[in-house]
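First the structure, in the form of structure tokens, and then the observations on it.
Laboratory data are not the source of any read-out in this text; all were calculated from the coordinates shown. None of these values were measured; they are calculated from a predicted model. All Cβ positions, even for glycine, are placed from backbone atoms using ideal geometry, and neighbour counts span all protein chains on display.
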2 protein chains.
Amino acid sequence: MTNPFELTATDAIKLIGKKKLSRYEWVQSCFERIREKEDLIKAWVYLDEDKALAKAKQLDNENDKKQLGIPFGTKDIIDASNTPTRFGTSFYQNNIPMRDAASVAVAKQAGCIFIGKTVSTELGHRAPGLTTNPHNKDFTPGGSSSGSAAAVASMMAPVCFGTQTTGSVIRPAAYCGVIGYKPSYGDFDKSGILPNSPSIDTLGLMTRSVEDISLFRSILLEEELVLIKKVDLKNIKVGFVKTPHWDKTDNSTKKSLEYFVNSLRSDKLNVIDLEIDNLISKSDALHLDISGYEFKRSISHERFNYYDQLSDQLRNGRLNDGYQVSNKNYQLALKELSILKNQVDAVFDEIDLIITPSAPGEALKGLDYTGSPIFNTTWSLNGNPCISLPLFTGNQGLPVGCQFVTRFGNDDKLIDFSNEIYRAYLK
Amino acid sequence: MTNPFELTATDAIKLIGKKKLSRYEWVQSCFERIREKEDLIKAWVYLDEDKALAKAKQLDNENDKKQLGIPFGTKDIIDASNTPTRFGTSFYQNNIPMRDAASVAVAKQAGCIFIGKTVSTELGHRAPGLTTNPHNKDFTPGGSSSGSAAAVASMMAPVCFGTQTTGSVIRPAAYCGVIGYKPSYGDFDKSGILPNSPSIDTLGLMTRSVEDISLFRSILLEEELVLIKKVDLKNIKVGFVKTPHWDKTDNSTKKSLEYFVNSLRSDKLNVIDLEIDNLISKSDALHLDISGYEFKRSISHERFNYYDQLSDQLRNGRLNDGYQVSNKNYQLALKELSILKNQVDAVFDEIDLIITPSAPGEALKGLDYTGSPIFNTTWSLNGNPCISLPLFTGNQGLPVGCQFVTRFGNDDKLIDFSNEIYRAYLK
């Protein structure tokens, strides 16, 4: 018999519907798993078992099928009422917001059960927390949504919320071997989430099935569940994008992706090699200015009041980037971005789906560096929806993700395509 | 001798530089004025005199000219650390954020002295607080930035922060007879401000001089003060936009505007009658969907936890608007908006400056209704910078504003033009 903590949300809900599982048992099982794994993985900064179990019992008693009972965690830059939000810092220990972030409020309203806050890097930037990679404790889980990826990978929760400004959902998802989803920019509300670079910041999800992405998308949009459609992959046009960063990709990841693309071609899928290096290089340059400028401003309170307590990575990284950019140059960058977005959109006139690495390789050894977002910047900046699927394994035995991207606004199609590919090509 | 509270920030800073005024005297004078007027005007929900005076004394002692000492207040949906943010509601009495909003942090860093929080309508929507119009206590001050406009008009503070999603800076500024400024969308950071409709929400300013707008713009952008340039108004092309709402405008306001435009023409300014009704009607329609959809989502915590305590105006107003819009239609509206923004931008290929009413007339009698934003929606939605100048007086003896609008991003020019017009045409 499967332990409840192993279930995807979609599967557990079915069992609850058939009275083969109670919400209480499910939540309890997740907390048992947390007790078993947390010492090693350190995914959480706050847990509220008593409240979560009480809520599960209440929902079981009420027996309203629409109250789903899904246990979920959120990255520690996302507010949950009467729960500390510490932003991955030491100086916000007593920061207890009264409001749920809109995403948390909406999930709770659907009967999802908030179980705790997951480790974030410092203020959602790079300086890591204590989380380890669930596949090997000596390796980084990636960041900035480190704890969310690690918690879902180690089956402490079926779903956790993360956020992405550069590669903070897709990369940790790839490193930890879970499914990561960054929706189209603006699709999920951000009220109650620490702004990092508001023109780019996007709330995303970590799960262990594509169905769960679809399920949580419907919950967060407060809309009926869009059933995943079967797609004949032979009818879609796919672009394999190596990017200008291909030479920074490790050999085993290159080989896995090329092998995968060749399999698709053998299976008569229409996959072209797509070269959009100019768009990607332009995105890298604009992202540096826009994210730096906006981040510097968003964390004004911290740079003026806690500068000495900020990490060198932050001070010398994005904060310093921001100090190099004038308002005039920021405005110019935004203007260029609006042109770039149209150019990126036009790429999808020719193809339906892009396949590209999620990260330059497996997770890196050591916990100091959460890895490079070079394969994520373009899609974050331009607001395209993307999903990372844990399709491969690297030389060190750690998961390697493959990233799928569609046109801005085509999230449902992305989910359909990803689901089909995951079923057909997961080893 | 002028009382310090009567001074604009620009003038007071000059006196401080010449040692003819101390920061302490200035802040103290504002609090004396508050004691004199607040019972009638009710502009404030929170004041911190002790801390403000202590800060002023400290800055006087340190005697750093760059530490400006400007007393300022913020609308009660803008966080200030260790100070309650109640969002114009009764159910957030104990909401005390640890962080300053970025705008507050940056102002404090420049030595501006936070004196308190001003009355906001409920959650920045329409249900009014207790604030009265400083020109006649039986009339609305407008909203949602009601207290900020009234505080500046009654000289309790030289500058206050407001926010605008529809007409929430320009309208109360016009009703209270102060200068209101809504910058280009995105120009001032919004971290720590309650999101209302994040694609539109803009932080703005209330002052009593155009120089003070320029001064605070430089403070908030953390850039050197851009000195206001003298403009020969004869060299700019002006469009007089009556809008499709001209027939909803009161006669005295119509006459004032037409008289003003005729004066400009007599003075050899190049003023054309500009008809952009289709763009304005399209803006009204899109604003309804986008602001409704986003607002409904932003206040998810409140609608799920405090629905019974929300006003009918909110429940039947923007919240209900939001419930009518699906995610698909929202996405379509955003797509249409990006096209509309280009069309609005193209209007400014032909002209430099738009002149249009700030509001349909004087403030209305009674405190229940904060007035109509029909003349503001287009510029809020499309992100254009606008300034309201208190140029006229209506039949009831209350101020009437005139609104000036430039191309997105042309804030400096808007300030230059407005300054010139204010000097030349203020009666």
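Across the range A:369-379, rounded Karplus estimates of 3J(HN,Hα) from the backbone phi angles (6.51 cos²θ - 1.76 cosθ + 1.60, θ = phi - 60°) give 10, 7, x, 9, x, 4, 8, 10, 3, 4, 7 Hz, Gly and Pro being marked x. Normalised by 2.2 N^0.38 Å, where N is the number of residues, the alpha-carbon radius of gyration of the range A:255-300 equals 1.92.
Shown in residue order for the range B:156-169 are the 3J(HN,Hα) couplings computed by the Karplus curve 6.51 cos²θ - 1.76 cosθ + 1.60 at θ = phi - 60°: 7, 8, x, 8, 9, 8, x, 9, 9, 10, 10, x, 7, 10 Hz (x for Gly and Pro). Local charge for B:Lys230 was computed over the other residues whose Cβ lies under 9 Å away, with Lys and Arg +1 and Asp and Glu -1, and equals -2. Most tightly packed first, judged by the mean number of other beta-carbon atoms within 10 Å of their residues, the peptides A:145-151, A:183-189, B:73-79, B:307-313 read A:145-151, B:73-79, A:183-189, B:307-313. With one equal scatterer per alpha carbon and no solvent term, the Debye-computed log10 I(q)/I(0) for the range A:210-341 at 0.09, 0.11, 0.14, 0.23 1/Å reads -0.52, -0.74, -1.01, -1.15.
For the range B:295-308, putting each phi into the Karplus relation 6.51 cos²θ - 1.76 cosθ + 1.60 with θ = phi - 60° gives couplings of 5, 3, 6, 4, 9, 4, 4, 6, 6, 8, 10, 9, 3, 5 Hz, in residue order, rounded to whole numbers and with x for Gly and Pro.
Using the empirical formula 2.2 N^0.38 Å as the baseline, the Cα radius of gyration of the protein assembly as shown reaches a ratio of 0.96.
Taking other C-beta atoms within 10 Å as the exposure proxy, A:Arg315, A:Arg99 rank A:Arg315, A:Arg99 from fewest upward.
In terms of the mean number of neighbouring beta-carbon atoms within 10 Å, the peptides A:297-304, B:158-165 order highest first as B:158-165, A:297-304. An ellipsoid equivalent to the range A:175-238, defined through the eigenvalues of its Cα gyration tensor, has semi-axes of 24, 15, 13 Å when rounded to whole angstrom and sorted largest first. Treating each Cα of chain B as an identical point scatterer and summing with the Debye formula, the log10 of I(q)/I(0) at q = 0.08, 0.11 Å⁻¹ comes to -0.40, -0.77.
Amide H to amide H, with H built 1.01 Å from N, B:Cys386 comes under 5 Å of B:Lys182, counting only residues 5 or more places away or on other chains. When chain A is treated as a Gaussian network with alpha carbon springs shorter than 10 Å, the biggest mean-square fluctuation among A:Tyr24, A:Tyr306, A:Tyr330 belongs to A:Tyr306.
Using the Cβ-Cβ distance between A:Arg35 and A:Lys229 with R0 set to 51 Å, the FRET efficiency works out to roughly 0.80.
Counting only other chain Cβ atoms within 10 Å of each residue's Cβ, the peptide A:331-337 averages 2. Mean projected area of the convex hull spanned by the Cα atoms of the range B:345-427, taken over all viewing directions: 6.1 nm².
Computed over the range A:177-284, the P(r) tail beyond 20 angstrom holds 62 percent of alpha carbon pairs.
Distance from the Cα centroid of the range A:124-166 to that of the range A:345-396 is 16 Å (rounded to whole angstrom). Relative to the Cα centre, the charge distribution of the protein assembly as shown, modelled as +1 at Lys and Arg Cβ and -1 at Asp and Glu Cβ, gives a dipole magnitude of about 300 debye. For the range A:6-221, the calculated P(r), taken from all Cα-Cα distances in 5 Å bins from zero up to the bin holding the longest distance, is 1, 8, 17, 22, 22, 16, 9, 3, 1, 0 percent. By the beta-carbon count within 10 Å of each Cβ, the least crowded to most crowded order of A:Leu7, B:Leu194, fewest first, is A:Leu7, B:Leu194. Rg and Dmax of the range A:218-265, both derived from C-alpha coordinates alone, stand at 16.6, 44 Å. Label point of A:Ile272 set 7 angstrom out along Cα-Cβ; within the range A:335-372, amide nitrogens under 12 Å from it belong to A:347-353.
At a Förster radius of 25 Å, what calculated FRET efficiency corresponds to the Cβ-Cβ distance of A:Phe91 and B:Ala54, to the nearest 0.05? Here the calculated transfer efficiency is 0.60. GNM on chain A, alpha-carbon springs under 10 angstrom: the most fluctuating residue among A:Asn133, A:Asn384, A:Asn262 is A:Asn262.
The eigenvalues of the Cα gyration tensor, multiplied by 5 and square-rooted, give the range A:268-427 an equivalent ellipsoid with semi-axes of 32, 23, 12 Å from largest to smallest. Volume of the convex hull of the range B:320-376 (Cα atoms only), normalised per residue: 95 Å³. Distance distribution P(r), the range B:1-98, all Cα-Cα pairs, bin width 5 angstrom from 0: 2, 12, 21, 19, 19, 14, 8, 4, 1, 0 percent.
Each peptide in B:103-115, A:335-347, A:108-120 receives the mean, over its residues, of other Cβ atoms within 10 Å, and ordering these scores from highest gives A:108-120, B:103-115, A:335-347. About its Cα centre, the range A:6-221 has a charge dipole of approximately 260 debye under the convention of +1 per Lys or Arg Cβ and -1 per Asp or Glu Cβ, with nothing else charged.
Taking amide H atoms as placed 1.01 Å from N in the peptide plane, the amide H of A:Thr163 lies under 5 Å from those of A:Ser145, A:Gly204, each 5 or more residues away in sequence or on another chain. First select every other residue whose beta carbon is under 15 angstrom from the beta carbon of A:Glu362; then total the charges, Lys and Arg +1, Asp and Glu -1. Residues near A:Glu362 contribute +4 overall. Around the amide H of B:Phe240, modelled in the peptide plane, lie the amide H atoms of B:Ile272, B:Asp273, B:Leu274, B:Ile355, all under 5 Å away and 5 or more residues distant in sequence or on another chain. Give me the Debye-computed log₁₀ of I(q)/I(0) at q = 0.15 Å⁻¹ for the range B:52-132, equal point scatterers on Cα only, no solvent, two decimals. One equal scatterer on each Cα of the range B:52-132 leads to -0.58. The C-alpha radius of gyration of the range B:109-158, expressed as a fraction of 2.2 N^0.38 Å, stands at 1.21. Annotation: the antiparallel percentage among DSSP beta bridges lying fully within the protein assembly as shown is about 65. Evaluated with a Cβ-only charge set (Lys, Arg +1; Asp, Glu -1), the range A:319-400 carries a dipole of roughly 260 debye about its Cα centre, given to the nearest 20. Since only B:Phe31, B:Ser81, B:Gly17 are under comparison, the one whose Cα sits farthest along the positive direction of the charge dipole of the range B:1-84, derived from C-beta charges on Lys, Arg, Asp and Glu, is B:Gly17. Report, in listed order, any pair from A:Lys190/A:Lys229; A:Lys108/B:Lys328; A:Lys248/B:Lys335; A:Lys282/A:Lys328; A:Lys14/A:Lys57; B:Lys328/B:Lys413 with a Cα-Cα distance greater than 26 Å. Pairs exceeding 26 Å: A:Lys190/A:Lys229; A:Lys248/B:Lys335; B:Lys328/B:Lys413. Inter-chain neighbour count for A:94-105: the average number of beta-carbon atoms from partner chains within 10 Å of each residue's beta-carbon is 5. Grouping the Cα pair distances of the range B:102-214 into 5 Å bins from zero gives a pair-distance distribution of 2, 14, 24, 26, 21, 10, 3, 0 percent in increasing distance order.
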